[in-house]
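I have placed the structure first, in the form of C-alpha cells, so that the comments after it can refer back to it.
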Amino acid sequence: MRTILLVDDQLQLLGIHRMYLENHGYRVPTAETGESALEVVRRKRPDLILLDHSLPGRTGAEIAAELKQDAALSRIPIVMMTAH
C-alpha cells in the first residue's frame, strides 16, 4: 500500500483529504505543522508528500527546501497546495 503524507494546518481540509485518499487505497499519515511533517517523513518515508504552503512557523516551501537538501529524502515527490 502506498503512503501519502498530508500536511495541512486546516483540520477540516486535513480530514476531508485524508478520507478521500484512504477511500482510494492509500495509507495517509498527517501533520499539522512543518516540524511535525519533517518528523513523519523521516520516520515513515512516504511515497508522496502533499504539502500546504501556508503553515504556522515555517512555510511549506521552507520545509520542501529542507527535504530536498537531505539526500535520503530528496527523491520523495512533493506537491505544494494552497487555498490562496
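The values are calculated or read from the model by the stated rules, or taken from the named source; none is laboratory data. Given the structure is predicted, the values throughout are model-derived calculations rather than measurements. So basically every Cβ, Gly included, is an ideal-geometry build from the backbone, and we count neighbours across all protein chains shown. Surface areas here come from the heavy atoms of the whole protein model, side chains and all, with no ligands, DNA or RNA. Shrake-Rupley method; radii C 1.70, N 1.55, O 1.52, S 1.80 Å.
A compact table of results
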quantity: Solvent-accessible area of Ser74 with every protein chain in place, 1.4 Å probe, in Å² to the nearest 10; calculated: 40 Å²
quantity: Positive-end residue, the chain charge dipole about Cα centroid, Cβ charges, pick of Ile16, Leu48, Met1; calculated: Met1
quantity: List Met80, Met19, ordered by accessible area with a 1.4 Å probe, largest first; calculated: Met19, Met80
quantity: Given charges at beta-carbon only (K, R positive; D, E negative), |dipole| of the stretch 1-44 in Debye; calculated: 320 debye
quantity: From the coordinates shown, semi-axes √(5λ) of the Cα gyration tensor in Å corresponds to which of [x] 37, 14, 12; [y] 18, 16, 10; [z] 34, 13, 10; calculated: [y]
quantity: Helical mean residue ellipticity (222 nm; -39500 (n - 2.57) per DSSP H run of 4+; nearest 500) of the chain; calculated: -12500 deg cm²/dmol
quantity: Top of Leu67, Leu11, Leu50 by mean-square fluctuation, Gaussian network on the chain, Cα under 10 Å; calculated: Leu11
quantity: Electrostatic dipole magnitude of the chain [Cβ: Lys, Arg +1; Asp, Glu -1; Cα centre; debye, to 20]; calculated: 400 debye
quantity: Convex hull volume per residue for the stretch 18-67, taking Cα atoms only, in Å³; calculated: 75 Å³
quantity: Proximal charge balance of Leu21 [Cβ under 10 Å; K/R count +1, D/E count -1]; calculated: +2
